[in-house]
1. Pick out the one residue from A:Ile328, A:Ile345 that is in a helix (DSSP H, G or I) and under 21 Å from B:Asn93 (Cα atoms).
2. What about A:Phe346, is it under 28 Å from B:Leu53 (Cβ atoms) and surrounded by 17 or more Cβ atoms within 10 Å (Cβ to Cβ)?
3. Which of the numbered conditions does A:Ser74 fail, given that it passes all the others? Conditions: (1) under 30 Å from A:Phe203 (Cβ atoms); (2) touching a helix residue (DSSP H, G or I) at 6+ places or on another chain (Cβ under 9 Å); (3) surrounded by fewer than 18 Cβ atoms within 10 Å (Cβ to Cβ).
4. Here is a list: B:Leu175, B:Leu196. Which entry is without any contact (Cβ under 8 Å) to a residue 40 or more places away in the chain and either more than 17 Å from B:Ile85 (Cβ to Cβ) or crowded, with 24+ Cβ neighbours inside 10 Å (or both)?
5. Would you mention how many residues in segment A:272-298 are within 20 Å of A:Leu364 (Cβ to Cβ) and among the basic types (Lys, Arg)?
6. Just the residues that are more than 8 Å from chain B (Cβ to nearest Cβ) and among the small types (Gly, Ala, Ser), please, taken from segment A:321-337.
7. Has segment B:78-95 got at least one residue that is loosely packed, with under 14 Cβ neighbours inside 10 Å, at the interface with another protein chain (Cβ under 10 Å from one of its Cβ atoms) and not β-branched (Val, Ile, Thr)?
8. Could you count how many residues in segment B:181-226 are farther than 14 Å from B:Val28 by Cα and either among the hydrophobic types (A, V, I, L, M, F, W, C) or in a loop (DSSP other than H, G, I, E, B) (or both)?
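The values are calculated or read from the model by the stated rules, or taken from the named source; none is laboratory data. What you are looking at is a predicted structure, and each value in this text was computed from that prediction instead of being measured. Ideal geometry is used to build each Cβ from the backbone, glycine not excepted, and the neighbour counts take in all protein chains shown.
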Amino acid sequence: MALTSHPLLSALRRNPTGAVLIALQIGITLAILVNAAAIVTHALQKMDRPTGLDTRDTFAMEVADLSRQFNVYSASSADLAYLRHLPGVAAASVIVGIPLTDDGGTTTVGRLPESQGPTITSAYLPVDQQGLRTLDVPLVAGRDFRASEIRVPTVAHPDPRIGIVIVTQALANALFAHRSALGQSIYLGGRTPSTIIGITRNFMGPQLGGGEHAYDTVLVPEIVTQYAAYDLLVRTQPGKRAVVLREAKRHIDAADQNAVVGYTWTLSHAKYRMYSGLRNLAVFLSFLTLVMLVLCCLGIFGLGTFNVVTRTRQIGIRRALGARRRDIVTLFLAENAITVSAGAIFGCFLALGIGQWLTTHDGLARLDPWYLLVGVAVLALTSQLAVWQPARRAARIPPAVATRTI
Amino acid sequence: MLEMHNISKIYRTDLIETHALREFSLQVAAGEFIAVSGPSGSGKTTFLNVAGLLETFDSGTYKLDGQDIRGLSDNARSRIRNEKIGFVFQSFNLIPDLDIFDNVDVPLRYRGMKAAERTARIANSLELVGLSSRMRHLPAQLSGGQQQRAAIARAIAGDPALILADEPTGNLDSLMARQIMDLLEKINSMGTTVVLVTHDPELARRAERNIHIIDGLVADTVPASGARRRERQGPAHAESATD
């Protein structure tokens, strides 16, 4: 290649405005590109985590009754008796709180009472003896709740003692690290201690919105009757969800004139809704980055085209002096590479600064240098592609331009 | 050095055809200094473009330094321009962003020379034209005459066999013009063939031969009768020429 950087630099130094502006644009684009890519990747990784649930064949429905004589226990028992015998149903349970939604509760969990030690915020999921089966979540240690252990507190007899609980593996590890959690006592909220009788494979409970601690769930053996509504969770045989859901709604509507199916959730839709914020963020950032990249390429293309127009004679002179067409293309690519390099250096510092700010203020992980490397490579490639057409156009300028008197 | 036989060059648009060169034939020997003159629109610049491989021609044959030019690729033509031809343009055509050193360096870089050799050649050529002390000046910081001398340095740095000078004094005053012509004669005396394209009869008379073009044809060839011819032929010939 018949080029070294010195004359290129001196030419750029004497006409720096356009190149400096493009370098700034490249730097800002790189900083946004890199950090957006890190955020989007983080979001995608989050969304890609397993829920631990059979989202394809599970649905939940809220049943409410506005009549004064409404008895949650007997109404839900009747519904469950029907559902468990309905063809296509694999398991059904009455619960409070629907996994993967904001419908449900949380509680603080600690090895000591709240005032004496640290606690973890965990999803709180009251279930009956078929809760685990309906959730399709296997035990990795201990045992399931027995029918006799299911508490049915009422408004008249609230009974705050829970006694036994099942926790997810994630919560067990968070509480007891490498020790076995089975048989250990834990404190839920301000209540009396409860004994861990089982540990399940991880799954996402309600209320935690797919956050960092989405697998921290504690299951308690309880049918909640204090409200004039209850949630039914139903897992169907593969592919039968739509049919069963339709039949269950038809039955509940027909069985009791006062019963109303408040809402229904399929867990696949719940998962989709749970990640809508992250998904929207990922789409927005990707779009923003794409727009920045396109604007950057347009800027480079514009500067390249401007250079072709304003340097037509100079290019003709170079051709007359022996430059081949590829030498002219190389000249434009080399000049662009210098601008991009300057912009990339500026952009790397800016990206690290923004990354540090995001780490400090939003708790994001530190920016992985790989993002910088890939970002620089992407920008270098796209910017060279952007200048390619003007460079080719410049190379087509005939050498006879040199002898024209303008 | 330069052999053209029946060269035709036609510029075509949708509406008209312009015959810039018609059956144009010319032979220039190695080491010769010729002038090509003619009125405006006569085909001088087209001749220069064709001779300098800046443009192709439609028919005829053209050999430069024994090499047939017809049908050569763009790359091959670029290489010949770079290695065998030095251009001196009316408006100097220095690259304004580069200083004089880098301007002279341009064709040498395209030849792929090593830095040490380029530096030596640039120093020699700038010394020959008297601009050694101005090598880090930008073209805009030099006078017209100095710029044209820098352009001549650029033309000779690659040691070409042929210098094509297109109205090299057209933008200069008479004193500067004389210095440039002296310089071209000095380069010619060192063995380089010089073809000077000019519309100025005074300048044309300083060449060994004056080719007069009208309407793309060689109208006549006039041997120079002045000092230039006497110098080349030596004192004895000079005396007989004046007898």
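1. That would be A:Ile328, the only listed residue that is in a helix (DSSP H, G or I) and under 21 Å from B:Asn93 (Cα atoms).
2. Considered against the rule, which asks whether it is under 28 Å from B:Leu53 (Cβ atoms) and surrounded by 17 or more Cβ atoms within 10 Å (Cβ to Cβ), A:Phe346 comes out as no.
3. (2)
4. The match here is B:Leu175.
5. So the count comes out to 1.
6. Across segment A:321-337, the qualifying residues are A:Ala334, A:Ala337.
7. no
8. 20
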